[in-house]
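This report refers to the structure that appears directly beneath it.
Computed from the coordinates by the stated procedures, all read-outs in this text should not be read as laboratory data. Quick caveat: nothing in here was measured; it's all calculated off a predicted structure. Note: ideal-geometry Cβ built from the backbone for every residue, glycine included; neighbour counts use all protein chains shown.
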């Protein structure tokens, strides 16, 4: 990609775009308060020093998630990125993910983020594809494991009547669709990166010649070329390299999935922590195919209903409390990236694009 095409990609990340997910999120919160959350029930969330401590632990879980990401990107770039650069790339990447639907993602822009920190385009593409591969591999491995450990019936069934059978049935269907999409991506990228990149490139181009896919043919050709280039970069790495990278991935995502557990412990005694952990993982799989920026609106609703039977309270109040917990969860796991990203993006664009262009003139 040329510098101009890089700039065209990045300039779309206007901080003003955070208005869309924020409005959606606030609208959902307002709807919850008016329709779903009984305000008098919120008095049952007793804020004590114990609550403050466990909410702090919830924040620490998110810090652990970001730390895992930073460690991994330094491993994948063989420490050519400093800790500050790694932090900047991760925050910009999270900001991109927060303002775009999960189905769109920010892979193309992530390549620019890494490249503009001093990594060649080819290596940047390899790093981003490897990151995506490792993230999705985590889901591919963990989802069957939690099904074996927890059991499908318990995982997809709640004891609270207010969730509704239709909701739970739809949850199963959407989770399976999300998992199959992830599995297909892991198989495609894994085969392309480590076995036969040219074959994958040819297959991608062939499918995107079909009439209903032709409009994306140019992007498909680029994706195929990226896989071939990345394969040459990544095949050089020893097995220990991948063990370290996946360990960092495991740290990152596992830390993130303990956030709701910490929030619940802030207010209640939780009897089955692993079930809550498993349901968070399913929620994130579902979020992959949600249409709104960062899953705004849908994520709060899905998680709130999904963990409602974990609330040790009268069933008449449990759903309202669970939705309030879901809102706290989003405040910790989503909105900080909007704020940090919006504060970093203008200065980063100025340093990486505007000033270099001015010097050339």
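General remarks:
- Distance histogram in 10 Å bins (all Cα pairs of the stretch 179-229, percent per bin): 28, 51, 21, 0
- FRET efficiency, 1/(1 + (r/R0)^6) with R0 35 Å, evaluated for residue 243 and residue 184 via beta carbons: 0.90
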